[in-house]
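The values are calculated or read from the model by the stated rules, or taken from the named source; none is laboratory data. Not measured: the values here are computed from a predicted model. All Cβ positions, glycine included, derive from the backbone under ideal geometry; neighbour counts span all protein chains shown. For accessibility, only protein heavy atoms count, side chains too; no ligands or nucleic acids. Shrake-Rupley method; radii C 1.70, N 1.55, O 1.52, S 1.80 Å.
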Amino acid sequence: MMLVHRIVWLLVLMGLNLPLVGWDGRLRILEWPSLRIILDEAKAHNSVRDMDFSLDSEFLASTSTDGSARIWKAEDGSAVATLTRNSDEKIELCRFSKDGMKPFLFCAVQKGDKAVTSVYDISTWKKIGYKRLLRKPAAIMSISLDGKYLALGSKDGDVCVAEVKTMEVSHLSRRLHLGTCIASLEFCPSQRVVLTTSSEWGAVVTKLNVPADWKEWQIYFVLVGLFLASAVAFYIFFQNSDSFWKFPHGSDRPRGPKFEILDPQYCEDAFGPLDM
């Protein structure tokens, strides 16, 4: 049921290719909406566990119940790589990063008796590290549409949300679906809210305890405030400092000598007529 839900969600999001899988491990990729068969691999896995398209729809990642994971070229269905893993590791879930900046593939891995989240570089398909987030086996994984948060749902009803940039847990809801495996886990496109479902508890909406995102109007408000503050600072500086060109103000200009006319008859010619 979870795999069927995932296929439908991939089709809605990507709108390009339709992946079809069987419990016998058969994998098909159909072009949408023409339904032209791009890939028909009868033995892609023993049994397909999970799958996800990359942000640009170039790659398809799929995991198997035997712990393996393979990468496919979505355009022509060719096999690209098989993810490396240790003998005690089982790759169960996979999700590509969605922020367009960090080309990563996140995988929920069962490493012996420890549950970890491994990170692969999709340019080389090499593992670059892992982190313990949920600390218990994961049943479902999801990434927010802006790529900032990664969520994991456990097989006994817990939900863990981590910030992708730091790979640190930002929100943890214990016993959200008490004793029940979480069947689906999705982020709200516009708010920091997740929707989870299970067979026993139905649908549950949870608000995340994470820092609020900046709204567009808040950014413009800050920019306008900085501009006004700069204008006020410039005005105060100008009023309390000398002019750069040292031009004197009208009240401070030095005045020239004053001439006083003593007799009106000498107003035109101070020396009078000359007798030649």
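When a/c is below 1.5 the answer is rounded, else prolate if a/b is larger than b/c, else oblate, so apply that to the range 54-113 with a ≥ b ≥ c taken from the square roots of the Cα gyration tensor eigenvalues. Taking the square roots of the gyration eigenvalues as a ≥ b ≥ c, the range 54-113 is oblate. Checking the cross-link pairs LYS90/LYS136; LYS90/LYS155; LYS43/LYS73; LYS73/LYS114; LYS102/LYS126; LYS114/LYS148 against a 23 Å limit on the alpha carbon distance flags LYS73/LYS114; LYS114/LYS148 as lying beyond it. Packing here is the average count of other Cβ atoms within 10 Å per residue, and on that basis the peptides 179-190, 134-145, 31-42, 163-174, highest first, run 134-145, 179-190, 163-174, 31-42.
Based on C-alpha pairs under 8 angstrom that are at least 6 apart in sequence, the range 126-237 has a relative contact order of 17 percent. Is the range 102-222 rounded, prolate or oblate when judged by the Cα gyration tensor, a ≥ b ≥ c being the square roots of its eigenvalues, rounded requiring a/c under 1.5 and prolate requiring a/b larger than b/c? Oblate shape, in that a/c is at least 1.5 and b/c is the bigger or equal ratio. Couplings 3J(HN,Hα) for the range 106-122, derived from phi with the Karplus relation 6.51 cos²θ - 1.76 cosθ + 1.60 (θ = phi - 60°), are 9, 10, 7, 10, 9, 9, x, 9, 10, 9, 10, 10, 9, 10, 10, 7, 7 Hz, where x marks Gly and Pro. In the context of the full set of protein chains, residues of the range 155-237 present 68 Å² of accessible surface per residue (probe radius 1.4 Å, heavy atoms only). Dipole check for the range 36-137: with +1 at the C-beta of Lys and Arg, -1 at the C-beta of Asp and Glu, and the Cα centre as origin, the magnitude is about 560 Debye.
In this structure the amide hydrogen of SER47, modeled in the peptide plane, comes within under 5 Å of the amide hydrogens of THR65, ASP66, none closer than 5 places in sequence on its chain. Across the range 170-187, computed HN-Hα scalar couplings (Karplus, 6.51 cos²θ - 1.76 cosθ + 1.60, θ = phi - 60°) run 9, 8, 9, 10, 8, 6, 5, 10, 3, x, 10, 5, 6, 8, 9, 8, 9, 8 Hz from first to last residue, x flagging Gly and Pro.
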